[in-house]
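J.: Got a structure for you, written out below as structure tokens; questions coming shortly.
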Amino acid sequence: MSRRRRIYEGKAKIIYEGPEPGTLVQFFKDDATAFNAQKHEVVDGKGVLNNRICEYIFQRLNGIGIPTHFIRRLNMREQLIKEVEIVPLEVVVRNIAAGSLCKRLGVEEGTVLPRSIIEFYYKNDELGDPLVSEEHITAFGWATPPEIDDMMALAIRINDFLSGLFMGVGIQLVDFKIECGRLYENEMMRIVLADEISPDSCRLWDVKTKEKMDKDRFREDLGGMLENYREVAKRLGIMNENEPARTGGPVLVKSD
Ligand code: UDP
């Protein structure tokens, strides 16, 4: 057995070299972080749930012709993905006011926005991922104007599809964050959805109770993070009601 080469380790995921050229393995950790990693906890089983939820969402998106980096799930915590060049931007789509939008603009949380709003943040931990405009993005060369158009079109299509998907199971998609990558195939390059979509990167509210079912449970110390993630998975029909979010690998049984 040889040790796999670790390419990158982030706050919630590790990227390993894949089994063949052009592929990578994405590993979901149990770590929960917020406020630029100032708050950190290990939530046993979160990685397993996010791997499953992300697999389900990316497969559904692939199924309706939205290109993603996802190839297939490998095991409880890992998925095989296509290698892409990550665009250093976080693309946020908002349907209802929450989080930083409320703080920045003084809008009351829960206000339905007149239309969906797309924002770009420059991925840079040292700077705390600042909000940037298209002018900054093109001036500093983080993405070209056609790439910005592609990312916005992708974000809108994903928002339309996911809003419907979640609404169907009694969940409101308040906002979410995506990351995009450049996929090079032969002479062609295209922008695809990369990274993850999970309750870590979305705001999800129960339609009836308005209860938060996402990472705000951790950010705001509400408790019940894992139970809520499991409920999201259950409603999407990807996890059995009684199926535990198994955390480790197989348990060794002693024979003495
Ligand atoms: N988000 C994310 N990663 C980040 C920042 C934001 O996944 O580094 C998600 C967040 O979960 C929410 C949306 O993007 O669904 C909008 O987040 P917001 O700008 O309100 O920032 P926050 O309140 O998370 O600081």
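J.: Have a look at Arg115, Arg60, Arg104 and point out the one that is over 27 Å from Val132 (Cβ atoms) and modelled with pLDDT of 95 or more.
T.: Being over 27 Å from Val132 (Cβ atoms) and modelled with pLDDT of 95 or more holds for just one of Arg115, Arg60, Arg104, which is Arg60.
J.: Okay, moving on. Out of the residues in segment 156-193 that are among the charged types (D, E, K, R) and over 14 Å from the mean Cα position of the chain (by Cα), state the one that is nearest to Gly99 (Cα to Cα). Give the steps one after another, and end with the answer.
T.: Going residue by residue through segment 156-193, those that are among the charged types (D, E, K, R) are 157, 160, 175, 177, 179, 182, 185, 187, 190.
From what's left, over 14 Å from the mean Cα position of the chain (by Cα): 157, 160, 182, 185, 187, 190.
Values: Arg157: 23, Asp160: 21, Arg182: 29, Glu185: 38, Glu187: 41, Arg190: 31 Å.
Here the answer is Asp160.
J.: For segment 114-124, name all the residues that are within 11 Å of the ligand (Cβ to nearest atom) and under 23 Å from Val207 (Cβ atoms).
T.: Scanning segment 114-124 gives a single hit, Ile117.
J.: Could you pull out the residue among Glu135, Glu147 that is in a helix (DSSP H, G or I), more than 25 Å from Arg72 (Cα to Cα), more than 14 Å from the ligand (Cβ to nearest atom) and in contact (Cβ under 8 Å) with a residue 40 or more places away in the chain?
T.: None of the other options fit; the residue is Glu147.
J.: May I ask you to list pairs of residues, at least six apart or on different chains, whose Cβ atoms are under 8 Å apart, with the first in segment 96-113 being within 11 Å of the ligand (Cβ to nearest atom) and the second being among the basic types (Lys, Arg) and at pLDDT 95 or above?
T.: Ile96/Arg203; Ala98/Arg203; Gly99/Arg203; Leu101/Arg94
J.: Tally the residues that are more than 17 Å from Ala32 (Cα to Cα) and within 14 Å of the ligand (Cβ to nearest atom), restricting the search to segment 183-200.
T.: Residues that pass the stated criteria total 2.
J.: Which of (1) in contact (Cβ under 8 Å) with a residue 40 or more places away in the chain; (2) part of a helix (DSSP H, G or I) is the odd one out, the single condition Lys177 does not satisfy?
T.: Of the numbered conditions (1) in contact (Cβ under 8 Å) with a residue 40 or more places away in the chain; (2) part of a helix (DSSP H, G or I), the odd one out for Lys177 is (2).
J.: Is it true that Arg182 is surrounded by fewer than 19 Cβ atoms within 10 Å (Cβ to Cβ), out of contact with any strand residue (DSSP E or B) (no Cβ under 6 Å at 6 or more places or on another chain) and basic (Lys, Arg)?
T.: In short, no.
J.: Please report, ordered by residue number, the strands (runs of 3 or more DSSP E) entirely within segment 1-115 with at least 2 residues that are open to solvent by 40 Å² or more (accessible area, probe 1.4 Å).
T.: Passing ranges, in order: 6-9, 39-42, 70-73.
J.: When you go through Ile137, Ile178, Ile191, Ile148 one by one, which is the residue that is touching a Cys at 6+ places or on another chain (Cβ under 8 Å) and of a type in the set (Val, Ile, Thr)?
T.: Ile191
J.: For Ala143, indicate whether it is of a type outside the set (S, T, N, Q) and under 16 Å from the mean Cα position of the chain (by Cα). Can you show your working first?
T.: Numbers: of a type outside the set (S, T, N, Q): yes; under 16 Å from the mean Cα position of the chain (by Cα): no.
No; evaluated as a whole, the condition is false for this residue.
J.: Identify, please: which residue in segment 201-229 is away from the ligand (no atom under 14 Å from the Cβ) and of a type in the set (Gly, Ala, Ser) and is, among those, surrounded by the fewest Cβ atoms within 10 Å (Cβ to Cβ)?
T.: Gly223
The values are calculated or read from the model by the stated rules, or taken from the named source; none is laboratory data. Because the structure is a prediction, the values reported are computed rather than measured. Glycine also receives a Cβ, built like all others from the backbone with ideal geometry; neighbour counts cover every protein chain displayed. Ligands, DNA and RNA are stripped out before the accessible areas are found, and what is left, the full protein with its side chains, is counted by its heavy atoms. Shrake-Rupley method; radii C 1.70, N 1.55, O 1.52, S 1.80 Å.
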